[in-house]
Amino acid sequence: MYPPEDQAIPARALLAGARRKEPALLKLAQRLVLAESPSDDKQAVDACGDLAARQASTLGGRLKIHRQRSFGNVLEARFGPRGRANALKPVLILGHIDTVWPVGTLASMPCRIADGRLWGPGTLDMKVGIAMAFTAIEMLTEAGILEREIVLLLNSDEEIGSPVSRPITERLAAECAAVYVLEPAQGLAYKTARKGTGNWRIEVSGVAAHAGVDFEKGASALRELARVIETVSSWTDLQRGLTVSVGQAGGGSKTNVIPAQAWAEIDVRIARKADGPRITRKFDTLKPSDRRCSLAITGGINRPPMERTRGTVALYQKARSRAAELGIDLQEAATGGASDGNFTSALGVPTLDGMGAVGEGAHASHESVLLEHLAPRTALLAAMLAL
């Protein structure tokens, strides 16, 4: 349920507010980047989460810390009128504070402003996006126009598949009218579709033998693995958006020994939810060609696809209309990568992704954010929150 667009706050006022707050936004973003937070370092992730929690508290957020034993804690912050006392359902802003970069990366990738960009590990994915969200919330709060409850969820494990945060994300999304994901933009576009992801591991056991003396007594695990790789690779169907990619493989012990062990790690991407069960059945029914070999298969689909649903398209059209008022020609895009937005979209909750920063180099040494887009993108995020 949304108010009529002609009652929305003028976009020019939001853009002016975002430009005024850009210096403070940048300072907050830099503080977040300097708090290095690799997914597998609980202490580091929690330190960055504490910084975000303090910022949320400063803005009047009602905090709940979902404490974790082995992973970083998950931060939930609520702003504006309480959902149960309001006719408008809440909106969920979804982000993550963990990065792919180990502690110490700042030594080789310093956080700095140069050439119209903010550089550094985690800038684009997605600490600038988090700073944008805080700024948008602050703008609306100061203007007294935050008419619905905003739930900000900052996960600690997105880069490693969201093993602990997924149920939290899904529970909160089910309460909300829409989900806005702070992942980086696709170029300048919002993302209305993402592929789902799966990972499988295949281990082959064969029979070892001397390659010269007892060749016929051996059963090569590597040869069997080669057959398996050809089989699973043939499942790729580009027209359906289904890809099966063997990214890592290995096996054997010595050149003169028929290999008894081999393995492969496989990446699967699906564009359609129905393809998840289909590809799972294919892996489950794999059999070795050489009966002296055996296969041990583990894995599965870990993120459903974010399909381009009617609700998401309607949300995008609202965003496109507000963007036009800001002088932005907002396009939509689909991507093969996944995010926590996959989970919320699969629940049937309209989900817009790529609402964070504009830049390049996510997960790469040239990771950076283009400063020229900061204020307009923050104003657009605020406009969507004000609907």
Over region 167-192, the set of residues over 23 Å from Leu88 (Cα atoms) and charged (D, E, K, R) is Glu183, Lys191
Being surrounded by 16 or more Cβ atoms within 10 Å (Cβ to Cβ) and either under 29 Å from Asn73 (Cα atoms) or not basic (Lys, Arg) (or both) narrows Ala271, Ala174, Ala211 down to just Ala271
Considering only helices (runs of 4 or more DSSP H) wholly within region 306-387, the ones with at least 1 residues that are touching a Lys or Arg at 6+ places or on another chain (Cβ under 8 Å) and buried (at least 21 other Cβ atoms within 10 Å of the Cβ) are 341-346, 374-385
*asked:* Looking at the structure I just gave you, is Ala87 at pLDDT below 95, out of contact with any strand residue (DSSP E or B) (no Cβ under 6 Å at 6 or more places or on another chain) and surrounded by fewer than 22 Cβ atoms within 10 Å (Cβ to Cβ)?
replied: yes
Turns out the strands (runs of 3 or more DSSP E) fully within region 83-144 with at least 1 residues that are closer than 13 Å to Ala382 by Cα and assigned by TED's automatic domain parsing to the domain that holds Glu367 are 91-96
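Residue by residue, here is whether (1) over 14 Å from Arg166 (Cα atoms); (2) touching a Cys at 6+ places or on another chain (Cβ under 6 Å); (3) surrounded by 13 or more Cβ atoms within 10 Å (Cβ to Cβ) holds:
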site: Leu75; (1), (2), (3): no, no, yes
site: Arg78; (1), (2), (3): yes, no, yes
site: Pro81; (1), (2), (3): yes, no, yes
site: Leu94; (1), (2), (3): no, no, yes
site: Ile97; (1), (2), (3): yes, yes, yes
site: Gly104; (1), (2), (3): yes, no, no
site: Cys111; (1), (2), (3): yes, no, yes
Requiring at least 2 residues that are over 30 Å from Gln317 (Cα atoms) and in contact with a Gly (Cβ under 7 Å, 6 or more places away or on another chain), the strands (runs of 3 or more DSSP E) wholly within region 181-290 are 196-205, 261-270
Exercise. In this structure, is Glu265 touching a Phe, Trp or Tyr at 6+ places or on another chain (Cβ under 8 Å) and not hydrophobic (A, V, I, L, M, F, W, C)?
Worked result: yes
Taking region 182-208 and keeping only residues that are β-branched (Val, Ile, Thr), surrounded by fewer than 17 Cβ atoms within 10 Å (Cβ to Cβ) and more than 30 Å from Leu286 (Cα to Cα), one is left with none
The residue that is surrounded by the fewest Cβ atoms within 10 Å (Cβ to Cβ), considering only those in region 35-64 that are over 20 Å from the mean Cα position of the chain (by Cα) and of a type in the set (Ser, Thr, Tyr), is Thr58
**Message:** Scan region 235-243 and tell me whether some residue there is touching a residue at least 40 places away in the same chain (Cβ under 8 Å), within 24 Å of Ala274 (Cβ to Cβ) and polar (S, T, N, Q).
**Reply:** yes
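The values are calculated or read from the model by the stated rules, or taken from the named source; none is laboratory data. None of these values were measured; they are calculated from a predicted model. With ideal geometry, Cβ positions are generated from the backbone for all residues, glycine too; neighbour counts draw on all protein chains shown.
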